[in-house]
Structure formats: structure tokens, C-alpha cells
Amino acid sequence: MSATLVAWLSRLSFVALVVVPACTPKTKAGDPARDFSAPDLNGRNVRLQNLRGKVVLLNFWGTWCGPCRQEFPELVRLHQRLKDRGFEIVAVDVGDDDEEAVKAFADGAGATFSIVRDQGASSLYGVASFPTNVLIDRSGVIRFQLRGYGSDSVARLGREAEKLLPAPAR
């Protein structure tokens, strides 16, 4: 084999063995949710497993992410609308060094749900783009994932959550 062919095959092997698996999500619909715990912005420990029995939306975001900042107030409204039916949001802040800035942003947006600092949860869920949302049913199974943000993203998340929640009380 020529040196050029060997070099090309070597690069191809690297892409196949290293790059492709790194781009593949670690979780998918139907997988059990991966448990983690982290302190919220008030110092209270939040553990995903302790939210079993509720429909949980994990929102991976950061104040540095423009689309995340757009999505956040919509998530606040979604939580307000569905929380009495057993819906919870855990927003996992990824990549922000200034906790006070995160608190200020969350307070300004009127956050009504837990915000935790990332201590490995984004790696557990294979988060590679922001925002990333993972919807988990009452028994702890991932039912829907949405990467990125568009004008209908939160509406889609709401429709998927509604399917997992009991009907509203009349």
C-alpha cells in the first residue's frame, strides 16, 4: 500500500472510531433516564430519581446561549401551565462560571422550577448542542428529546408532556 492510502485509511479509522461515536446521542426515547444529583441555585440537592411519579423535562441550557435565553421564558410559562398536573422542569445550567449571573437571569425570567449547575449530567445525556430538552415519564423512561430551538419548540414539548400527564381537573 502507498503511504498516501495508509494515511487516508488511518484518518478514516479515526473518524469512524472516535468522531462518530462522540456525535451520537447517549440516550434516546425508550431508554431509562440516567440518575444524577446536583445542588440548585439555593443550595438544595436535586436528585432526578426523587422526581419519579412526575413528568420531568430536563432542559440543558446556558446564559451564554442565545436560543436558550429565548426559550427560557417560554419554559417558565409551560411550567406554570402544567405544574399542578405533576409536571416538573429541571434546568441544567451548562458552562456558566458566574452563578450570580445565572440567578439574576433566572429571577428576571420568573423561573418557577429548579435550576442546577451541571456536574456531569450533560455528559450522561450526551448533550452536544444547546438547548437540549429531554422529557421523562412518571416511571423514569425517556419519551422525547429535542435538540435546538425553533419558534414551535416549547409548543412541541408541551404537546409531548400533555400526552404523559393526567387530564386537567374540571
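The values are calculated or read from the model by the stated rules, or taken from the named source; none is laboratory data. Predicted model, so just to flag it, every value in this text is computed and none were measured. We place every Cβ from the backbone using ideal geometry, glycine too, and count neighbours over all the protein chains shown.
A few comments on the model shown:
- Which listed residue is among the acidic types (D, E) and within 16 Å of the chain's Cα centre (by Cα), from D107, D137: D137
- Restricting the range 1-55 to residues that are in a loop (DSSP other than H, G, I, E, B) and aliphatic (A, V, I, L, M), the residue that is modelled with the lowest pLDDT: M1
- Within the range 76-170, helices (runs of 4 or more DSSP H) holding 3 or more residues that are without any contact (Cβ under 8 Å) to a residue 24 or more places away in the chain: 99-109, 153-164
- Residue within the range 157-170 that is surrounded by 13 or more Cβ atoms within 10 Å (Cβ to Cβ) and among the basic types (K, R) present: no
Residue-wise test of (1) of a type outside the set (V, I, T); (2) modelled with pLDDT under 95; (3) touching a Ser or Thr at 6+ places or on another chain (Cβ under 6 Å); (4) closer than 17 Å to K54 by Cβ.
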{"position": "D93", "(1), (2), (3), (4)": "yes, no, no, no"}
{"position": "D97", "(1), (2), (3), (4)": "yes, yes, no, no"}
{"position": "A104", "(1), (2), (3), (4)": "yes, no, no, no"}
{"position": "G108", "(1), (2), (3), (4)": "yes, no, no, no"}
{"position": "F113", "(1), (2), (3), (4)": "yes, no, no, yes"}
{"position": "S122", "(1), (2), (3), (4)": "yes, no, no, no"}
{"position": "V134", "(1), (2), (3), (4)": "no, no, no, yes"}
{"position": "G140", "(1), (2), (3), (4)": "yes, no, no, yes"}
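- Lone qualifier among Y149, Y125 - being out of contact with any Pro (no Cβ under 7 Å at 6 or more places or on another chain) and farther than 30 Å from A169 by Cα: Y125
- Within the range 139-152, the set of residues being out of contact with any strand residue (DSSP E or B) (no Cβ under 6 Å at 6 or more places or on another chain) and charged (D, E, K, R) comprises D152 only.
- Of the residues E74, E99, the single one that is surrounded by fewer than 19 Cβ atoms within 10 Å (Cβ to Cβ), among the acidic types (D, E) and under 18 Å from F144 (Cβ atoms) is E74.
- Yes/no for V102 being under 21 Å from R81 (Cα atoms) and aliphatic (A, V, I, L, M): no
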